[in-house]
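Written below as structure tokens is the structure these notes are about.
The values are calculated or read from the model by the stated rules, or taken from the named source; none is laboratory data. In this text the structure is predicted, and so the values were computed from the model without any measurement. FYI the Cβ positions are ideal-geometry reconstructions off the backbone, even for glycines, and counts take in every protein chain you see. Side chains are part of the model used for accessible areas, which takes the heavy atoms of the whole protein and leaves out ligands, DNA and RNA. Shrake-Rupley method; radii C 1.70, N 1.55, O 1.52, S 1.80 Å.
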Amino acid sequence: MRHWLTSLALILMIVLPTISQAVDKPYFYPYINPFEATVMELPPYYEADMPKKVPTKIFSLEVFPERKIPEVFWYEDGLDCSLVAQKGKAPLIFIIAGTGARFNSPKMVKMQKKLYQAGYHVISITSPTHMHFVINASSTMTPGNLYEDAKDLYRVMQLAMEEVKNAIDVSSYNLTGYSLGGIQAAFVSMLDDEEKVFNFEHVLLINPPVSLYNSMTILDQMLEENIPGGIDNIESWMDSVTGKLAEATKSMGYFEMSADYIYKASKRFPPREDFLASLIGISFRLSSTDMIFASDMMKGGGYITPRNVKMSNSTSLSLFETVGFRTSFGNYFDEQFVPFFMMKDPSMTREKLIEQSSLRHIESYLNRAQKIGLLHNEDDIILGPGEIEYLKGLFGSRAKIFPTGGHCGNMGHKDAVDFIVNFFAGQEG
Amino acid sequence: MRRSNTFKNSVFLLLMLSVLFMGGCATKPITGPKTEPAMHQNSELVSKDTDSGVKIYDPLEGFNRGVYRFNYYFDKYLYLPIVQVYQFIMPDYAEDRVSNFVDNLFEFNNFTNNLLQLKFKAAGITLARFAINTTVGVAGLWDPATTWSMHQKPEDFGQTLGHYGVGGGPYLVLPILGPSNLRDTTGFIGDTLAFNNFGPVAWVDDDGFTLGFTVISAIDKRKRIPFRYYGTGSPFEYERIRLLYTKKRELLIID
């Protein structure tokens with residue numbers, strides 16, 4: 001009996017410290033379902049601390065001063081970027097926004113605050129898929145080609161630095177990006193290794209796709225497969241969503257257009273996974289509609305707008321929006337993107353273009369570039385089968401993979417932010 | 001009071017006129033001999049008889065787009081700079097007091113409209129909020145009522161009209177004020193008239209106060225709306241705001 005007690009005590013002595021270590025800091029993410037994780041806003045409790053306001057300067061770049069911008073974009077006057085500056089000498093981080101996002105999208109602003117708090121200057125760049133970038137800063141006006149997008153981004157980063165160089169004292173350059181911005185950061189880093197303008201010290205890819213084409217196809221499908229009757233039924237589907245929201249409103253007794261309200265409503269009426277997936281699909285489709293329209297107008301039309309028409313500042317665009325909404329990324333890829341790049345280079349093929357837009361294509365570079373790290377989630381919904389395993393193998397100890405968090409849902413989570421800050425400080429893990 | 005109303009009316013008229021002159025009405029793209037059709041056209045993709053809540057009745061689109069453009073410039077060169085100066089001068093704490101003060105006086109409209117919709121409980125809460133915040137909250141500068149779980153019950157005359165089955169009517173973009181429709185514009189005029197003639201500013205009955213309150217509440221209102229024209233970064237912003245506004249109002253009327 002006594003012997004038994006001693007062994008128990010011994011076992012406890014060995015086990016307890018490990019338990020208490022585990023209890024000390026287990027990663028916990030409130031949404032287990034990856035679709036919820038992606039859609040829902042992170043509840044404030046899990047959010048890393050950040051200052052309420054940071055000193056932000058917005059400046060505008062004229063990348064191609066000669067370029068004629070059609071009158072339909074009458075409100076465009078250059079590509080806006082932002083600088084959040086430290087007072088003294090400090091390292092700088094460029095952030096590239098995700099698909100369709102601007103330099104000041106909510107995710108970007110949170111990153112700016114957290115990195116500023118950690119002691120960095122931060123310059124934020126709008127995604128090359130965003131209308132502003134397509135119109136003002138894209139040389140091909142046909143976004144999605146990672147080599148071309150990287151050149152455009154690199155040009156913008158240099159102009160931005162030119163603009164702010166007198167205002168800040170920079171000790172080193174670093175680079176990050178999330179989602180599409182993540183894969184673009186890898187290509188920009190590779191370009192910088194040739195051009196050596198910035199000589200990035202650390203580069204972090206946050207939730208990047210492995211293959212742009214695969215991920216875009218997954219997002220196309222989320223819309224097309226989760227709306228009963230397909231895309232042609234989008235109007236009646238939206239009516240039914242409003243109807244459901246109306247029911248929720250009635251039972252809650254009030255309506256408010258806020259994340260908090262949506263959160264409360266979703267707790268009372270748990271959304272189905274197909275509904276969440278369709279929301280992600282719609283949000284992606286809205287971004288791609290904007291991108292396709294901007295690209296088409298800049299190139300003179302012919303795809304979703306008639307060729308050689310003049311649109312003024314009061315032209316109704318509703319019909320083109322409807323058409324754009326019915327144009328998938330796959331359509332754009334096959335009907336606009338591939339023909340455009342095949343015209344530029346006759347030896348190009350569709351297969352080559354797909355293959356080029358992938359981390360696999362620059363695998364050998366990623367293998368040897370030890371400065372590049374990865375932050376990802378096991379359950380990221382934009383990855384296809386086997387892709388997370390591929391990333392684990394490729395990045396090895398340079399990768400931090402959380403079990404949950406969906407696509408970029410946990411970017412602001414304390415544990416993720418700790419990792420990001422440590423990574424840029426050169427203390428991995 | 002009459003003087004400041006005349007002043008306001010003339011400003012409004014001037015703005016309406018300026019907008020009429022600015023706003024082109026052609027909403028179709030201008031075609032020429034070299035025009036070729038698009039690869040994907042609306043007529044091929046969408047059947048004509050689809051009728052749905054996604055399409056918003058907007059017969060005055062050309063005019064509305066003109067006003068939308070006017071608002072963009074007004075916001076950029078006048079309204080937002082004024083708001084920025086205000087935010088620069090005022091400490092955040094003082095700004096919050098102003099917001100509370102403005103909200104407290106506008107409880108008048110919440111009260112009348114809750115009453116008109118026969119929502120007696122909400123009207124009672126509104127009245128209690130006003131009484132508590134005006135006294136304990138020192139003339140409405142603080143909002144102790146909310147901390148005591150008596151939440152605001154916002155209702156306006158547009159919602160009241162909607163409550164009794166009045167449809168939105170044609171979509172309208174109002175100068176300075178932004179998205180609206182015929183019903184909600186009528187509602188806004190009704191609320192403004194009631195507020196100015198029977199509400200708190202009429203109780204004070206002082207031209208200076210009325211004008212001062214109008215200016216301050218306009219600045220405070222803009223400060224609290226994060227929306228920036230063409231800040232969504234979509235070329236279809238006009239269409240998306242039109243849809244969102246209409247759906248939001250439908251939901252506000254249902255509650």
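Annotations
- Of all positions in segment A:219-232, none carries a residue that is of a type in the set (Gly, Ala, Ser) and in contact (Cβ under 8 Å) with a residue 40 or more places away in the chain.
- Helices (runs of 4 or more DSSP H) (entirely within segment B:41-159) containing at least 2 residues that are open to solvent by less than 30 Å² (accessible area, probe 1.4 Å): B:61-74, B:80-89, B:92-116, B:120-135, B:144-147
- Residues (on the phi > 0 side of the Ramachandran plot and within 15 Å of the chain's Cα centre (by Cα)) located in segment A:187-217: A:ASN207
- Residues being facing chain B (nearest Cβ under 7 Å) and crowded, with 18+ Cβ neighbours inside 10 Å - total across segment A:320-337: 5
Yes/no matrix, rows are residues, columns are (1) more than 14 Å from chain B (Cβ to nearest Cβ); (2) modelled with pLDDT of 85 or more:
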{"position": "A:ILE14", "(1), (2)": "yes, no"}
{"position": "A:PRO34", "(1), (2)": "yes, yes"}
{"position": "A:VAL54", "(1), (2)": "yes, yes"}
{"position": "A:GLU66", "(1), (2)": "yes, yes"}
{"position": "A:GLY78", "(1), (2)": "no, yes"}
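Residue by residue, here is whether (1) within 13 Å of the chain's Cα centre (by Cα); (2) more than 22 Å from A:ILE372 (Cα to Cα); (3) within 14 Å of chain B (Cβ to nearest Cβ) holds:
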{"position": "A:ARG102", "(1), (2), (3)": "yes, yes, yes"}
{"position": "A:GLY119", "(1), (2), (3)": "no, no, no"}
{"position": "A:ILE123", "(1), (2), (3)": "no, no, no"}
{"position": "A:HIS132", "(1), (2), (3)": "no, yes, yes"}
{"position": "A:GLU148", "(1), (2), (3)": "no, no, no"}
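- Segment A:310-319, subset more than 12 Å from B:ASN42 (Cα to Cα) and open to solvent by 30 Å² or more (accessible area, probe 1.4 Å), residue farthest from the other protein chains (Cβ to nearest Cβ): A:ASN313
- Taken together, A:SER251, A:SER236 contain a single residue that is open to solvent by 20 Å² or more (accessible area, probe 1.4 Å), of a type in the set (Gly, Ala, Ser) and facing chain B (nearest Cβ under 9 Å), which is A:SER236.
- Assessment of segment A:338-350 against the conditions (part of a loop (DSSP other than H, G, I, E, B) and of a type in the set (Asp, Glu)) yields at least one matching residue.
- Taking segment B:162-255 as the region of interest, the helices (runs of 4 or more DSSP H) fully inside it that hold 1 or more residues being in contact with a helix residue (DSSP H, G or I) (Cβ under 9 Å, 6 or more places away or on another chain), more than 14 Å from chain A (Cβ to nearest Cβ) and surrounded by fewer than 17 Cβ atoms within 10 Å (Cβ to Cβ) are B:182-198, B:200-204, B:207-224.
- Restricting attention to segment A:174-197, the residues being open to solvent by 50 Å² or more (accessible area, probe 1.4 Å) and either closer than 21 Å to A:ASN422 by Cα or charged (D, E, K, R) (or both) number 4.
- A Cβ distance below 9 Å, combined with a sequence gap of six or more or placement on separate chains, defines the contacts here; from segment A:298-326, residues that are farther than 20 Å from A:THR140 by Cα reach residues that are assigned to a strand (DSSP E or B) and of a type in the set (A, V, I, L, M, F, W, C) in the pairs A:VAL309/B:ILE30; A:LYS310/B:ILE30; A:MET311/B:ILE30; A:SER312/B:ILE30; A:THR315/B:ILE30.
- Residue list for segment A:43-55, restricted to those being hydroxyl-bearing (Ser, Thr, Tyr) and over 21 Å from the mean Cα position of the chain (by Cα): A:TYR45
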